[in-house]
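Take a look at the structure set out below.
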Amino acid sequence: MTSGQKPRAFRLSPEPPAAAGFAPPPERATSTPVIVEEPFEIVDAADGVPVPVAPRRRSPWGALFWSAAGGLVSLGVGLSIERMITDLFQAAPWLGWVALALLAVALVALAAILGRELAGLRREKRIERLRQSAIDAIAARDHSAAMGVVREVSALYADRGALASARARLDATADAILDVDDRIGLAERELLADLDRQARNAVATAAKQVSAVTALSPRAIVDVAFVLFAAVRLLRRIAAIYGGRPGFLGFLRLARSALAHLTVTGGMAVGESMIQQVLGLGLAARVSAKLGEGVLNGLMTARFGLAALAVCRPLPFVRIEPPKLSDVAGELLRSAEKEG
């Protein structure tokens, strides 16, 4: 192919085009491939569409073990409580009734906690399903699916008064003829642009706090404890910004997804690019080792925050540029350079 030609896409067709005027024999009509040129715009439209990763297959033995162990523990605890209440009734009837009342209160509280956990998990799965549905709609160029995704995302924020005008503008374009990317991108700009700014600010604030505490703390155990605390708080904050309400189980699920995202994108390791970004500024020769450690911890916190943003966002980045490390940690690097 010469340098002046554009790349072209071809489709293998089992039948020749009608315009060619060629009538193959019946026995070879379905076996002869014919090359048909496709418009170059199709290649452009398909370029950049994210490819979903196939879910990893898991062994059922782990789930079976924990289910059996949980059942045994539950039976043991229930039998112990039953024996205790029986003994209390034999010692004094009023103590037995008090124990039964306390058991009823504990069961009601446990039911409320489980209900909250299940509601949080359902909301997280709903957000994940919306994001995956948007990716599938873009890949398949499915206009009906895109409209359904936009409606569900709008309904997700129905209880937020600050987004009422944005939802009204989005509803006004429901009958407009828009491309799949444009429709989802419009919902992204109207509903998520302000939430993205809040999430970026939360990541930048957490990164600066981790950097400052790490640079000033006298003990390494304090650094580790505060980094873990900041990561937990940041993940919960970002989930709340995008509409998630994770409980304990939901938080563990989000944390696992964020760490998996970091592993896939290579963000857990301080690679050559990050070393060049930090040390390439000449910080190693001009700042103390403690401040340099604070900068690195702040950058890793920012990287974790970006991963949390990616897994908590209900839509993929279509028309809005995804935030980069320099967007949330640029001030951190500049301040460290000034200190040097």
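Quick look at the numbers
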item: When residues of region 182-202 are limited to those that are crowded, with 18+ Cβ neighbours inside 10 Å and charged (D, E, K, R), the one farthest from Arg303 (Cα to Cα); result: Arg183
item: Flag if Gly267 is part of a loop (DSSP other than H, G, I, E, B), modelled with pLDDT under 80, assigned by TED's automatic domain parsing to the domain that holds Ala193 and closer than 20 Å to Val224 by Cβ; result: yes
item: Residues located in region 308-330, provided they are assigned to a helix (DSSP H, G or I) and either at positive phi or crowded, with 23+ Cβ neighbours inside 10 Å (or both); result: Ala308, Leu309, Val311, Cys312, Val328, Ala329
item: Those helices (runs of 4 or more DSSP H) lying entirely in region 115-215 with at least 3 residues under 22 Å from the mean Cα position of the chain (by Cα); result: 143-156, 180-187
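The values are calculated or read from the model by the stated rules, or taken from the named source; none is laboratory data. What you see is a predicted model, and the numbers here were worked out from it, not measured in a lab. All Cβ positions, even for glycine, are placed from backbone atoms using ideal geometry, and neighbour counts span all protein chains on display.
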